[in-house]
Amino acid sequence: MSYVTPNLSLPEDLKKIVLDFRQMSAFMQDPLIIDRAEGIYYWDIHGNLLIDGLSGIFVANYGHGNRTIIDAVKEQLERLAFTPPMHGTSPQAVALANKIAAVTPEGLNTVKLLSGGSEATEAAMKLARQYFKQSGKPTKYKVICRNFAYHGATMGVLSYNGVERRRSPFEPLLSGAVRVHPPTCYRCPFEKTYPECAVFCARTVEDTIRMEGPDTVAAVLMEPIGNTGGIITPPEEYFPILREICDRNEVLLIFDEIITGFGRTGNMFAADTFKTTPDILCMGKGMSGGYAPLSGIAFSDRIAEAFWGPEEAGVEFAHGHTYAANPVAAAAGLAALQELETRNLIHNCREVGAYLYQKLLELQEELEVIGEVRGKGLLYGMELVKDRASKSQFSPPIGVRLGKEALKRGLLTRFDPHWIALAPPLIVTTSDIDEIVGLLHESLKAVLQHLD
Ligand SMILES: Cc1ncc(COP(=O)(O)O)c(C=O)c1O
């Protein structure tokens, strides 16, 4: 049997696998089984072509079949595939940690390498708690997080997710998760209007910290641009205001940049895009571009100092995973960063991203059902409304139908009941965008034609 082209008995063999967040009985009716990929394209096992309008799931920033990264991984596999994570490390892991420290905002000079996004957000939360425990503020443990947030699937960070449906099957979760409203300006939960609101949603976080008691609050955990909820993009003042609030109240600001890192928003990190340096920055997905499981956290010197001492002090970070700082993953990460830099992909992201935004605005001009287009770089979402003036939503919603129509036409997107998002690889060209937006247009028209 070939490991690369195994013989499957379909659909029976599918009964033994479980996909993420999918009802398998529904998946089995029309299963997508991907066989190979190149550039921005996937091919399924039947030879059908699919444009990757989502970089897999915000991962494949450097495109598929990237030679530089593949060669780095192959070479590393031949040389050293695994190092004992407690006893030692590898030159590749040390080099990657140094490189990450160099490309993250100034002051974030210590890096812990991990394997997946949830591992990174979990590690950030544990780091924040241990930091306060060993710097004389042991009562600080609560976390201000947001409605609609997604920070991962593991039990700890699940507590900070903002979607009830994802949390409730596993409750009770960790105590101390305090949720606030995100900056959903299009549907302001405070019924205010930007800029007259003076970014009330950010300013009111200070009230929340005060009501909880600053001595009990460890961190504010946020995605710079929230995916769940429809590419929630804050006004430019939002994060600078939060930075000041965190500083005033001795609360750590943690950015979950699992999606927004590595060029996605038109800068290396969204921290650069929003001109705000967090205390801890979580990264994953685009860190290896999908060529190996890789994630990490970078944190400030102030935090790092609390973990640096003689062995007897027992202040080392009490956290680890078997595959953390894996040398193959580290080699993939190094090659990915090289791709980002030598091919000027962040510049491409800005240029082609601006073109994508323009094309989506043109679509919005033509189709009343596109209420708002929002995002940055090559990360855009469109909110779908029945009526643009009242912003009323479709009932039943049309977003999932739209996403499925797009898939039928060979375009992979991120879709939810009331919105759809695009995040193609950063290697995408303007003619690719024409094709992607063209398919989206056709899909939208097909959905609208069949409205009751
Ligand atoms: C913002 C954000 N944080 C954390 C995660 C969790 O990452 P992973 O699925 O790699 O565990 C995700 C995954 O989609 C994410 O989008």
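The values are calculated or read from the model by the stated rules, or taken from the named source; none is laboratory data. Predicted model, so just to flag it, every value in this text is computed and none were measured. Here Cβ is always computed from backbone atoms with ideal geometry, including for glycine, and neighbour counts include all displayed protein chains. Each accessible area value is taken on the protein alone, full model and side chains, heavy atoms only, with ligands, DNA and RNA left out. Shrake-Rupley method; radii C 1.70, N 1.55, O 1.52, S 1.80 Å.
Structure data summary
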| item | result |
| --- | --- |
| Residue in the stretch 298-309 that is within 23 Å of I69 (Cα to Cα), crowded, with 21+ Cβ neighbours inside 10 Å and either touching a residue at least 40 places away in the same chain (Cβ under 8 Å) or within 20 Å of the chain's Cα centre (by Cα) (or both) present | yes |
| Test: residue in the stretch 275-283 that is basic (K, R), modelled with pLDDT of 95 or more, assigned by TED's automatic domain parsing to the domain that holds A336 and surrounded by fewer than 21 Cβ atoms within 10 Å (Cβ to Cβ) | yes |
| Tally, over the stretch 237-261, of residues that are among the charged types (D, E, K, R) and closer than 20 Å to L127 by Cβ | 5 |
| Enumeration of residues in the stretch 1-44 that are under 16 Å from L411 (Cα atoms) and either assigned to a helix (DSSP H, G or I) or of a type in the set (A, V, I, L, M) (or both) | L32, I33, I34, A37, I40 |
| The stretch 281-305, subset aliphatic (A, V, I, L, M) and within 13 Å of the ligand (Cβ to nearest atom), residue farthest from D247 (Cα to Cα) | A292 |
| Matching residues in the stretch 407-428 - criterion: being touching a residue at least 60 places away in the same chain (Cβ under 8 Å) and over 22 Å from the mean Cα position of the chain (by Cα) | G410 |
| In the stretch 114-124, residue nearest to the ligand (Cβ to nearest atom) [restricted to those that are crowded, with 24+ Cβ neighbours inside 10 Å and of a type outside the set (D, E)] | G117 |
| Criterion violated by G230 - all others in (1) open to solvent by 30 Å² or more (accessible area, probe 1.4 Å); (2) part of a loop (DSSP other than H, G, I, E, B) satisfied | (1) |
| Among (1) under 24 Å from the mean Cα position of the chain (by Cα); (2) under 16 Å from E362 (Cα atoms); (3) among the basic types (K, R), the one test that R401 misses | (2) |
| Filtered residues of the stretch 160-176 (kept if surrounded by 13 or more Cβ atoms within 10 Å (Cβ to Cβ) and part of a loop (DSSP other than H, G, I, E, B)) | Y160, N161, G162, V163, L173, L174, G176 |
| Test set (1) away from the ligand (no atom under 16 Å from the Cβ); (2) at negative phi - G213 fails condition number | (2) |
| Test for T121: is it assigned by TED's automatic domain parsing to the domain that holds P293 and in contact with a Phe, Trp or Tyr (Cβ under 9 Å, 6 or more places away or on another chain) | yes |
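So that you can scan it fast, the table gives a plain yes or no per residue for (1) surrounded by fewer than 23 Cβ atoms within 10 Å (Cβ to Cβ); (2) without any contact (Cβ under 8 Å) to a residue 40 or more places away in the chain; (3) within 16 Å of the ligand (Cβ to nearest atom):
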| site | (1), (2), (3) |
| --- | --- |
| E196 | yes, yes, no |
| P234 | no, no, yes |
| D247 | yes, yes, no |
| L253 | no, yes, yes |
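Yes/no matrix, rows are residues, columns are (1) touching a His at 6+ places or on another chain (Cβ under 7 Å); (2) touching a residue at least 24 places away in the same chain (Cβ under 8 Å); (3) within 16 Å of the ligand (Cβ to nearest atom); (4) closer than 21 Å to T276 by Cβ:
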position	(1), (2), (3), (4)
V59	no, yes, yes, no
A72	no, yes, no, no
A102	no, no, no, yes
G156	no, yes, yes, no
G162	no, yes, yes, yes
